Structure formats: structure tokens, C-alpha cells
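Heads up: the structure comes next, in C-alpha cells.
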Protein chains: 4
Amino acid sequence: MSDSLVCVKDFEKYARLILSRNTLDYYRCGAGDEETLAHNRKAFSKYKIRPRCLRNVANRDLSTTILGRTVKIPIGVSPTAFQKVIHPDGEYGTARAAEAMGTVFILSIVASCTIEELGKAVPNGNNWLQLYVYADKEFTQTLVKRAEESNFKALVITVDTPLLGRRLANIRNKFVVPKHVILPNHMRGRQLFNPSSDWNDIKWLKSITKLPIILKGILTAEDAIIAADVGVDGILVSNHGGRQLDGSPATIEVLPEIVKAVGDRLEVYVDGGITNGSDVFKALALGARMVFMGRAPIWGLAHSGEEGVKKVLDIVKTELDGALAIAGSATLKDIEPGMVVPNSYYSKL
Amino acid sequence: MSDSLVCVKDFEKYARLILSRNTLDYYRCGAGDEETLAHNRKAFSKYKIRPRCLRNVANRDLSTTILGRTVKIPIGVSPTAFQKVIHPDGEYGTARAAEAMGTVFILSIVASCTIEELGKAVPNGNNWLQLYVYADKEFTQTLVKRAEESNFKALVITVDTPLLGRRLANIRNKFVVPKHVILPNHMRGRQLFNPSSDWNDIKWLKSITKLPIILKGILTAEDAIIAADVGVDGILVSNHGGRQLDGSPATIEVLPEIVKAVGDRLEVYVDGGITNGSDVFKALALGARMVFMGRAPIWGLAHSGEEGVKKVLDIVKTELDGALAIAGSATLKDIEPGMVVPNSYYSKL
Amino acid sequence: MSDSLVCVKDFEKYARLILSRNTLDYYRCGAGDEETLAHNRKAFSKYKIRPRCLRNVANRDLSTTILGRTVKIPIGVSPTAFQKVIHPDGEYGTARAAEAMGTVFILSIVASCTIEELGKAVPNGNNWLQLYVYADKEFTQTLVKRAEESNFKALVITVDTPLLGRRLANIRNKFVVPKHVILPNHMRGRQLFNPSSDWNDIKWLKSITKLPIILKGILTAEDAIIAADVGVDGILVSNHGGRQLDGSPATIEVLPEIVKAVGDRLEVYVDGGITNGSDVFKALALGARMVFMGRAPIWGLAHSGEEGVKKVLDIVKTELDGALAIAGSATLKDIEPGMVVPNSYYSKL
Amino acid sequence: MSDSLVCVKDFEKYARLILSRNTLDYYRCGAGDEETLAHNRKAFSKYKIRPRCLRNVANRDLSTTILGRTVKIPIGVSPTAFQKVIHPDGEYGTARAAEAMGTVFILSIVASCTIEELGKAVPNGNNWLQLYVYADKEFTQTLVKRAEESNFKALVITVDTPLLGRRLANIRNKFVVPKHVILPNHMRGRQLFNPSSDWNDIKWLKSITKLPIILKGILTAEDAIIAADVGVDGILVSNHGGRQLDGSPATIEVLPEIVKAVGDRLEVYVDGGITNGSDVFKALALGARMVFMGRAPIWGLAHSGEEGVKKVLDIVKTELDGALAIAGSATLKDIEPGMVVPNSYYSKL
Ligand SMILES: Cc1cc2nc3c(=O)[nH]c(=O)nc-3n(C[C@H](O)[C@H](O)[C@H](O)COP(=O)(O)O)c2cc1C
Ligand SMILES: Cc1cc2nc3c(=O)[nH]c(=O)nc-3n(C[C@H](O)[C@H](O)[C@H](O)COP(=O)(O)O)c2cc1C
Ligand SMILES: Cc1cc2nc3c(=O)[nH]c(=O)nc-3n(C[C@H](O)[C@H](O)[C@H](O)COP(=O)(O)O)c2cc1C
Ligand SMILES: Cc1cc2nc3c(=O)[nH]c(=O)nc-3n(C[C@H](O)[C@H](O)[C@H](O)COP(=O)(O)O)c2cc1C
């Protein structure tokens, strides 16, 4: 069966067939008219790869270091909510697949398992915890502690969600998390988002933990510079997969501005619309140290749990490996900036 | 029922189902090939929102002052003709909804109620009167007087209609206003438009009234400067919803040129194609002090009269509120010019 | 019936229903992949009209002088072959409609009537003759004489046809002119086109006639300058309705380059894709002294002969009249260059 | 039958009807999402032809010299694998058709006949051999020798294939070459591609043969300059028909950068998406000395073997001849750079 699925799109098609309308909509949908959702994907076509030839690419190596730790592929898993809705393997499956592929897994604060459970289930994983800085600082501090104790390697603070984006499909479907899925990290009832959060919260966070801090959802050079000044360790350029503010730019087109502003001061990652190896190659050439995927692993999970996520990661890895070879880059370090250009490069004749 | 309508498009779809072909066409259609009509809408995609993060947006405020009066939301109702054709509530419903939402209602001179009736029905509304400067100055002066006496707050002079645009759908349908709808402000038979109208008429108008004067339909910096020189109080950038001259630009793309030319001398508003909160945010960031919607309230009116209009306004308000929050702006004053950029900003890498 | 036809497109739709496949294809089709054919039309959307307001436009006048003669509308009829295939009225009908509307009719050298017949049928028309300069100079000279004697007002030399463009539809249909249509001006068997024709032929032509000479089919500033140097009286910017070389530019986008190069030395006209008043307005604002339409009158002819052509011309006239009024131009002289701009004007913010 | 096929697209449509899904997919498909495959074709629309008129084009000549040898048309046949899968005529048919048309045929190293067989079957052809530089130098040297002895005129080294591109259609179909087709040049089992190949291999190749060397698959000025420095005789700008790296640019948009960099030091050719005479004209005007087609001859072969290939070449020749005439170029030398411009030429007004 899964033999006939040869690219991420195939897994998405499969998921569209088997998931219920409500569930599918929840994972697929974006905010408002879903223009940013679509644009995330289409914007990759605005860049072209200029492959270099006749370079010895026999011994390829896709590994790199992220926050001082080696990852085998520069393709990680973005945090997405309550994955047991998708498959009984849930977050365990996704995290184990990431571990098997030698890459980063980010646990959403609204996961369907606790921080501790995930930590125990995948003890050697390169697991990061995504959370928000809550108005209730004490509660926040507890979460950070729990992450430290469960051997998480970094904290990912999502900064694009002072409130939930308006996702029409969910409003229409009156989407609620199925009863059998518990959100143990976060007491039901507590307010998930904190609209009064500001840069002082990040400073405070730095003061209470030694874990590296990543800001997820930064979309302007201006904020990237503040982030660097505040001393965060990384930025994950993201528009929440088009789920927060319709009309915000595609992440791949934002990436260069962030890299230019702070690329030498902290690590820059990107997510949004990445579904194949050419996308990854483009992101890396435009300055990302690593990319993340949100929905792609979900489609794999829907197909066959942990195995499916691994399959998805493996496909994109194979595609990236091929792109590297054909573009003349044996390793990620061999990717040169001029290898990816915006279309305007060519329209000038 | 109306619970399942979660965006303006939903109300439009609903209206398309229940209105008669003739009526629907009349409200929906544009001039000629309807390129400008379509472009008004599509042009919003030519701008992207650059959200700023980690700003405290817990206490949001969507209010602003327009011509010295506070409005609770920067989203008003453009003048559209004989609204009783759409729903028995007619202009009363629309004006009451606007009042309830704390915003401006502009009464068309070809309304299905008189100036006085509207004034009495919604005495505390922020009502403006849209009219033309007629060849018959005396008649014009009477209208102005009546507006003053009925407590209207401003006069909106539509300057894009020396003659009626060629709306093929209406010509095909031989559209006429249903018999039961009277146009009491304007004697049937009198010529509605005045092709000999010129800037002297505006000066004359200023001389006969203390009401603020808004010119609706200005599309060039050149005319905006004349308007400022003549001393009008505001400009409503508009192409009459694509109903006058097919081939004229989308209003959102014209807005920056007007703001740049006269933004510091008078208030600049815009209408045309606005259907959601991201549109409003873009218009405000590009310099509009307020936006107006013509058809959107009509679709609400078609759905459930006054209630429907309120619903439509409320949806767009909610969307704008969300956009503000996610873009890091607690108030309209916090919207910064750099928060909205044309796509070319990104295509330059 | 024809009452329900309110724009040129309606006439085209009608023609598509009633004409035989072969005939329709012949008139509709373009060369190769028909990209230039489509682009001629679409390119008008690349320009926007910036209407000026509050100018007295009560007394409008669409007339101008062309080659020293007054035309009532700046919209003439391009030469198209054997019109009796379309309707028994044939060229008489088209020429009479043009005369009735006070404008130019260009007779194709492959008309379905002779020069003399047309001259007699429409003696007071502003008729021009389109021809090629044949290898057989004597024959060419005879044609010119016949045009002079039949009171034609100008000669239009088509310079884009050294050989017939490759129109796949015609090749597929093995299109031949129906037997009952004779091409009396040009002996069957004689070679219609002359690939050895060059600028000396134009000089020679000037030496043998006092009739004004128009070159039809010039698409570059370089050739326009040679034309001006040689002393021709006008240029009709044309790509033969997309029927000669697929991949050549849309005429409306070529127009500015020609106007800039020679607009002050000779009259510049344009044809190609013009189907409504906004198109005409754009062409005039971009510097054309007059426009021509090839297929639009044919669709009118197909509908109801002379009457139909008149109807088509009248519709476009009405549309142009409306465009003038709304754009603030009482006369053609009032059209200012800045009133039409390429889209790039707006994409720069 | 074939009378009704009047352009390359017609042959492609025919092939789509008669070939098996597997075979069709193999020849049609591209890598990944097939964006580059589609873009190769669409990118031709990004250039426009500016035809010059009134130049004597009566005596046209489409010949040129390539590597010192005359070709009658500047349109050759790119190497494509095992052509007997398509038609029993296989490579013989294609090569004979090329010879009959007086142009170059490139034999793929994975042909369905040996070098010697092709050499004997088409002894007077302008045959080139495409190969890779294998890790096994001895084997490579044998191939070169065999090409020399079989009177091949040039070697084409494909440099865009360190490994096979990811062609999803083939993976899905589990495509294998039909059993009855042998690949005699290349022992099954041997590794076809050599990811460790580099510029030293090209130098080595030059040292062991006097045959001109063409590098096929160069897509950057940087590599073109190295190629010139190394002393190769020609570059065939190619992205392998979109079959290697999805996301690489269209070849026609890459061409100008290569021509600018090395056009005066070696011969530059191009393939990718060429299907008609306007495409060829554009490529020549942008600086290609010759173009090649990969799939177009295959569709001809599928239709009627050698005869079909000839037909396809003849159609494109006729189209190019027409384009030359209408653009005012009697010979290839008369094509001037300014005759083809990117669309930006026009969008600047
Ligand atoms: C169903 C779903 C749930 C998500 N939940 C979270 C979340 O809990 N926290 C968070 O920071 N981002 C969340 N995201 C955003 C993802 O982390 C990521 O930014 C986005 O999906 C990337 O785009 P892609 O799906 O196109 O790869 C979610 C996205 C989806 C699709
Ligand atoms: C049915 C209809 C009637 C209108 N009537 C008037 C009118 O009487 N006076 C006027 O100035 N504008 C009139 N307009 C234009 C609107 O005021 C407004 O400019 C336009 O509808 C804004 O575009 P939108 O519908 O996309 O929001 C009318 C528009 C419509 C759709
Ligand atoms: C059916 C047909 C026949 C034509 N015959 C001639 C002709 O005999 N001589 C000529 O110079 N142009 C001829 N043309 C080109 C037209 O004069 C004109 O340039 C073109 O139709 C303008 O484009 P439009 O049809 O989009 O208005 C012909 C065009 C068509 C469609
Ligand atoms: C089915 C197929 C097989 C091919 N085999 C080879 C090959 O063996 N060696 C090679 O250098 N290029 C090969 N190519 C690439 C072609 O030489 C050529 O670059 C490409 O087809 C040009 O694009 P076009 O098909 O759009 O004309 C192949 C292409 C196709 C479609």
C-alpha cells in the first residue's frame, strides 16, 4: 500500500480520504480566506535552483549541528496539537520517527500526552517543547522545569498567537477535540493564550532556565533584531502554517530578510508549506539552518502512525539528497547562496 | 441559520440564493467587463501584512475619530441605492445597525426613504448624506438644508458619476426599481446626474453649508490636491464598486498615492472590495483613516435586515480585532506604515 | 433580438453560434499557438485608467481629424478579407455602416467586391484601400490608379505579410474561400504576397501617387523611424490580429514605443483586440490618433449585415463616450497622457 | 492521417493516445512536482518577438555551421533513451530523419542499438554521442574510441546527472525497459551514473580524443566560464527536460546568462520545451547557435517512425522559416538581438 505513496502529496491525498471531515479540516485549514496557507506553498515557485555541476558529490552528508547538537537531516517536526486525534501512536509515534531519522521533534503544549510521558517514551530524542509564556508565570515556570527534567533540549516560544486565528472551517465545524483525547499539560479551562505577553517575558524566561530559547512566528527583521538583542538562541520563521493572520507573507519569502538581519547572531529556521526536497534546498540556500514541517508528518501519522511519519521524513530526505547531488553540493556547507535566486534574477534577461 | 454564516462571503452566497436574478445582478454587477469589480477584490492580495510580535495587545481599542466624532470601529457603510428592494428594513435597518456598531452610515440620495424619515428613524446615528451637485442649484441647496435639519453629520459628494456607468447586466435585465419602492428624495424625472458639475460647485457648496464635505470617487493625486486646495474635509477613495468605468484601478492600489499627496491635509477613506478584517487592516496601514463597505452590508440586509447588517459589521470587526492583535497593534494608532507592504517588497529578495 | 446584444462580446458569441466551423475558425483564429491573439486582448488589462473628476463634460465631442479629414469617432474598420463569406451585404454593408458612423473603412485587397464596386456603392465614404506592393509593379500601379479613380482617400500598405502566417485552424480545415465569393481585385493564381518587398517599394509608391500612405503592421520604433524618414503619412500599429507571427507582442503594449519614436512626425493608429470603449480610451491616451477593429465589425456583419456593423460601432462609441465623461474628458483633446498608466505605476506603491 | 497533424502538439496528442501508460509516462514525465517541466514550456511566453519589416526575405536560408560543419536547419535531436521502446525504427529512424533534414542527431549512451550499429545504419549522418564520464576510465575510453571509429562527430557529456532525478511517475509505474529492448552500449549492471565526476574528468577526456566536446546540462554562468576555461567546444544549456531537479530554471531564461558569459568563446546550444518555430526563433535571437528537441522527435517516432520524426522536424523548420520571413530575417545571421525581448521591455511602457 504505502509503496504506492512516493511523495508527501500522496500521503496528504491518502489522509484526505480516511480522516473525518472535522479532523481533516482542523489539520488542513488556515485562517480567513486561506490565502497565506496557499501562498506558503506557491511561494516556493518564486525561487529557482541554479545547480552547479562536475563537483564530486559521491559522499554526501545531510547532517548539521543545531544548537550544538548533531542532527542527521536538516528537517524537523513542527509542533502540532493533540496528535492522538490522528492516530493512536500520537506524539510518541511522531517523536520516535523523528528520533529514528536523527532529527528534532517539537512537542506542542497542547499535545495529547504529558511532557513527562513523551520524555519517557522517547528518552533519547532531540525533543523540544513548544509553549506560550502565560500570564500565570508560576504555571509557566512549572512547565519549563518539567521540560528540563524530562530532558527536553530547547524551548520554543510561539509568538504569533496572542489569540487564536480565525479558522473558518473550524468555526463552521464547531471543532472540538474528541473526548478521548486529553490535554494533560494544560488544564482545560485555563486560558491558552496570553495577549499581554511581551519582550519582558522572554527576558524573564531566559532568567529562569538554561535551555536554549527559540522564538517561533517572527516575520520581520525588526522583531528578529530585538530577539537577537534579547539573546534568544534561534528564530523559527513561521506564520503558523497560515493559521493565524491571513494576508501575512509566505515564510520562504520572509526568510531572506530575517537571515540578513540576524543570521550571524542566532540560528534561523523556517516552516510553512515545505513538502519536498527542492523546498528544503531552497530554504537552506536562502539561509535557513534547518527547516520544519507541520502538516507533512501529520499526513504520515494518519497513514500508518510512527512508520508513516518516518516514511514521510525519509522521502523528503531522499529528495533533498538528490537535490544536493544534482546541485553539486556534497554537504549542507557546500550549498552556496547564489544557488537559489528569486525569479526576478531571470526576468531581467 | 445565520450561525453557519461566518464571513462576509457566506452572506454573499446566501444572498445569491435568495435574491431574484434582477435584484442580485443590480447589486452585484459592475461596469463593462467587470475587470475593475474583480480587481478591487483581488488587489488586496498584492499587499502583505508584516505582523509585529510580543507587544502587549490585551486591551484593544478599535475606535478612532472621524471628522471630530468618535466611531467605535473604522468600518462604515457606503451609500447604496433603494435598500428596500433588498429587505423591508431598508435604509432604516442599515443605519440602525451602523449606529449599534458605533459607526457611520451614508444615505444614498436615491434611498428608498426620505432624508427626514431616516433622520427620525435613527436620530442618534452618525449619518451622512450622499448627493450630487445638481444643475439645479436651488434643489441642491434644499437637499443640503434638509440634511442639516435632519441632523446629518456630513455631506458626501459623489464625483465619479457625471453619467451612469455602463452596467451590462442591468442593461440586459432592463433593470427598473420595483414599483413599491419610491425614491422620495429625488423627484422621478429629474436628471439624477450632472455632467457639467465642476470644482466651482464644490466651492459653492462650501459657501452654503457648515457641514463637512467629503468627495467620493477621487482616484488621482492630482484631483486630491485640488480637493485639499478647495478645502474639502475628506476624500473617499472609490471607484463606485467598479460600477462606473471599467479599467479604472483597484481602490486599494490608489490609496497610497492619495495619502501621500494629501494625507496630512484632510481625512482619507477608501471603499471597494473590502470583505474582511485583513482588508481593513491593509487599508488602515496604507493610510486610510477609515474604510467603507457597499455590498457587504447589503448581503447582510438580504439575510435578515438590520440584524444581518449588524452581523456583517460585527464579523468584520472581530476579524479586524484579531488582525490587530496578531499584528501587534492594540489600537489603530499602533498600526505602523511598514506593517503592510506591496508584494514587490518580497520579490526583491 | 439584437436588443439583447449589448457589447461586442455578445455579437461574437452570436457569430460563434451561427457561422459554420470553417468560416468561424477563419475569422477567429490566429497563428501558431494563438498566444499573440489572446495577448492582444489580455494586454489591455495591463493598463489602468486614472479618471479625472469635476471637469465639465456636458458637451462631449468624439470627432477628430485623420489625414486632414474629420471623422466623427476615432474608431475605424480594419481590412478583413472576403466579407461576403460572412453576409451577403459583404464589404458594402461594412463600408456603409462606417460611413453612417462617420468613420474610416479600409477595403482589403482580397475583398469580395472590386475597388470600383465599393467606390460606387459608398461614394461618400472615407474609404481607404489596403494592398501589398507586388513584385509586379505594373499591376500594383494599376491598383493604385483604380483606388484614386474610385475616390479612395488613402492607401494602406500591409507590411507584416511577406508570406501568410501559419494558422493551424485553417490548415486543419483546409480552408478555401467559398466558390460563390470571387476575389475580383486580385486574379486568382497571382501570388498575393511579395517577400522581396522592401523600403524602396514604399519610396516608389510615394512617387506614383498623391494619396496618403499608411504602413500597417509596424511593431518596432526602429521601423517606425524609417517609415517617418521615408515620409509615409501614418502607421497602423498591428500584428494582423495575431494571425502572422505567434510570439509577437500585443499591439497596445507596442503603441507607446512607436508614439514616442515618431508620434510627432506622422499619425499613429493601432488595431488588435479592441472590443470596448475602455480599450479605445486606453489606446488614445497612450498616443493613438485613432483605433481600428478587425473582427468586431465582422461579428456585427454576421449578425445582421450593415445594421449589425453599425450596431457594433455604435456600442463601442457609446462606451467610449461614457469613458470620456467619467474620465473627465469632454473631447479627445482633453485626454491627457497621465490618464492611462501601466500596472507598474501602482505596484511601486 | 498524418495530414491532420499540423504541429508538434498534434503529434504529442497522438502519442498520448497510442502509447501505453508506462511508456508515455516515461517519455512525458519530469522530476518531482514537474514544475520545471511545465516552466520550460511556459517560459517561452516570457519573451516577445519584435519583427522587422520591409526587408527582402525572398531568398531564405536556414543553414548554419555547427562545430565547423554545415547543418541545414538549426534544430537538432537531443539524446533520449532506448527509442525502440517507442517504435521499431528506434534510433535508426530518428538518426535517418535528422540526416535527411541535414541536422545533428545525438545518440544516447542508453540507446537501444550500439554505437557501431548506428554508425553503420546512418554512415553519413552528423551523429554525436552522448555519454557520461564513468568512474571506470578504461570503459569510458573504449566508448570514445568506438565513437571515433564509427565516425561520430562530437561527444556530448551530460553533466546534470550525478544520479537519476526523482521522476514520480516512473517510481509509481515501477518503470523498467521492456525486455526486448537491449542496451548494448552499456552492460546492464554497471552503474550508469558517476557522482564523483568532476572537471578533471573533462580535462582527461580532452586529452584522449580529438573529437569536439560538448557539455550538456550547464545552467549557470559560473560553470560556463569553467567550461570555456577547460576548453570545451560547446555547451548545451539543458535541464534534462525537467527530469533531474525540479525547481531548476527554464532553459530559455538561463540562455542569456550563458551567452553573455561565454558566447564568444564556444558554441552555445539549448534544449527544453522547444515545440515550434517561434520558440526556435527566440532561442536563436537570445544567442543560441542551434537548438535541440528531445520529446518532439519522440512523438514523431511514435506516430510513424523515421517518417514521423522527419515530419516533426519539417513542421518546426517550416514554422521557423515563416518566423524568419515575418521577422525580416532572410538568414540566421540576420537575426538581431533586439528582435527578442523579455516582457519587462514592454511593462516599462
Ligand atoms: C493542526 C495544526 C496544529 C498546530 N498546532 C500548533 C501548536 O500547538 N503550536 C504551535 O506553535 N504551532 C502549531 N501549529 C503550527 C505548526 O507548528 C507549523 O508552524 C505549521 O504547521 C507549519 O506549516 P506546514 O503545516 O505547512 O508545514 C499547528 C499547525 C497545524 C496545521
Ligand atoms: C447596488 C449599488 C448601489 C450604489 N449606489 C450608490 C449611490 O447611490 N451613490 C454612491 O455614491 N455610490 C453608490 N454605490 C457605490 C458604493 O457607495 C460604494 O462605492 C461601493 O459599493 C464600494 O464597493 P464594495 O461594494 O465593493 O464595498 C453603489 C454601489 C452598489 C453596489
Ligand atoms: C479574417 C481576417 C482577415 C484579415 N484580412 C486582412 C487583409 O486582407 N489585409 C490586412 O492587412 N489585414 C487583414 N486582417 C488583419 C486586420 O486588418 C486587423 O489587423 C486585425 O483583425 C485587428 O485585430 P482584431 O481583429 O483583434 O481587431 C485580417 C484579419 C482577420 C481576422
Ligand atoms: C525520455 C527521455 C529520455 C532522455 N534520455 C536522456 C539521456 O539518455 N541522456 C541525456 O543526456 N539526456 C536525456 N534526456 C534529456 C534530453 O536529452 C533533453 O535534454 C530534453 O528532453 C530536452 O527537453 P524537451 O524534451 O522538452 O525537448 C532524456 C529526455 C527524455 C524525455
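The values are calculated or read from the model by the stated rules, or taken from the named source; none is laboratory data. Remember, predicted model here, so these are calculated numbers, not experimental data. Glycine gets a Cβ as well: all are built from the backbone with ideal geometry, and neighbour counts include every protein chain shown. Side chains included, ligands, DNA and RNA excluded: accessible areas come from the protein's heavy atoms. Shrake-Rupley method; radii C 1.70, N 1.55, O 1.52, S 1.80 Å.
Selection within region A:26-57: residues that are within 14 Å of ligand 1 (Cβ to nearest atom) and within 11 Å of chain D (Cβ to nearest Cβ). The member of this set that is nearest to A:Ile86 (Cα to Cα) is A:Arg41. Of the residues making up region D:245-300, those that are closer than 24 Å to D:Ala98 by Cβ and not hydrophobic (A, V, I, L, M, F, W, C) number 18. Restricting attention to region C:274-324, report how many residues are open to solvent by 20 Å² or more (accessible area, probe 1.4 Å) and out of contact with any helix residue (DSSP H, G or I) (no Cβ under 8 Å at 6 or more places or on another chain). Total satisfying the criteria: 1. The set of residues in region C:20-32 that are within 12 Å of ligand 3 (Cβ to nearest atom) and buried (at least 20 other Cβ atoms within 10 Å of the Cβ) comprises C:Tyr26, C:Tyr27, C:Cys29, C:Gly30, C:Ala31. If you go through region A:125-132 one residue at a time, do you hit one that is farther than 24 Å from A:Leu284 by Cβ and within 14 Å of another protein chain (Cβ to nearest Cβ)? Yes. In summary, helices (runs of 4 or more DSSP H) completely within region B:276-349 and bearing 3 or more residues that are of a type in the set (Lys, Arg) occur at B:295-326. The conditions of being open to solvent by 10 Å² or more (accessible area, probe 1.4 Å), at pLDDT 95 or above and either among the hydrophobic types (A, V, I, L, M, F, W, C) or not in a strand (DSSP E or B) (or both) are met by C:Pro123.
Only residues that are surrounded by fewer than 24 Cβ atoms within 10 Å (Cβ to Cβ) and under 28 Å from A:Tyr27 (Cα atoms) were counted in region A:224-239, giving 1.
Taking the listed residues A:Leu155, A:Leu192, A:Leu215, the one that is part of a loop (DSSP other than H, G, I, E, B) and open to solvent by less than 70 Å² (accessible area, probe 1.4 Å) is A:Leu192, with no other qualifying. The condition of being on the phi < 0 side of the Ramachandran plot, modelled with pLDDT of 95 or more and in contact with a Lys or Arg (Cβ under 8 Å, 6 or more places away or on another chain) does not hold for D:Gly90.
Residues considered: B:Pro162, B:Pro178. Of these, the only one that is within 14 Å of chain C (Cβ to nearest Cβ) and assigned to a loop (DSSP other than H, G, I, E, B) is B:Pro162. For A:Lys206, the conditions (1) in a helix (DSSP H, G or I); (2) within 11 Å of ligand 1 (Cβ to nearest atom); (3) more than 10 Å from every other protein chain (Cβ to nearest Cβ) all hold with the exception of (2). Take region B:325-341 and flag every residue that is open to solvent by 20 Å² or more (accessible area, probe 1.4 Å) and more than 8 Å from chain A (Cβ to nearest Cβ). Passing the criteria: B:Thr331, B:Leu332, B:Lys333, B:Asp334, B:Ile335, B:Glu336, B:Pro337. For region D:58-110, taking the residues that are more than 14 Å from chain C (Cβ to nearest Cβ) and acidic (Asp, Glu), the one that is nearest to ligand 1 (Cβ to nearest atom) is identified as D:Glu91. In region A:236-261, the qualifying residues are those that are more than 9 Å from chain B (Cβ to nearest Cβ) and of a type in the set (Ser, Thr, Tyr), and the one that is farthest from the chain's Cα centre (by Cα) is A:Thr251. Annotation: B:Ile66 fulfils all but one of (1) in contact with a helix residue (DSSP H, G or I) (Cβ under 7 Å, 6 or more places away or on another chain); (2) under 30 Å from B:Leu211 (Cα atoms); the unmet one is (1). Among the residues of region B:261-294, those identified as over 17 Å from B:Gly217 (Cα atoms) and either within 16 Å of ligand 1 (Cβ to nearest atom) or touching a residue at least 24 places away in the same chain (Cβ under 8 Å) (or both) are B:Arg265, B:Thr275, B:Asn276, B:Gly277, B:Ser278, B:Asp279, B:Val280, B:Phe281, B:Lys282, B:Leu284, B:Ala285, B:Leu286. Checked against (1) closer than 19 Å to A:Leu67 by Cβ; (2) open to solvent by less than 10 Å² (accessible area, probe 1.4 Å); (3) not aromatic (Phe, Trp, Tyr), A:Cys113 passes all but condition (1). Being away from ligand 2 (no atom under 16 Å from the Cβ), in contact with a helix residue (DSSP H, G or I) (Cβ under 9 Å, 6 or more places away or on another chain) and open to solvent by 10 Å² or more (accessible area, probe 1.4 Å): is that true of D:Ala100 here? Spelling it out, D:Ala100 is indeed away from ligand 2 (no atom under 16 Å from the Cβ), in contact with a helix residue (DSSP H, G or I) (Cβ under 9 Å, 6 or more places away or on another chain) and open to solvent by 10 Å² or more (accessible area, probe 1.4 Å).
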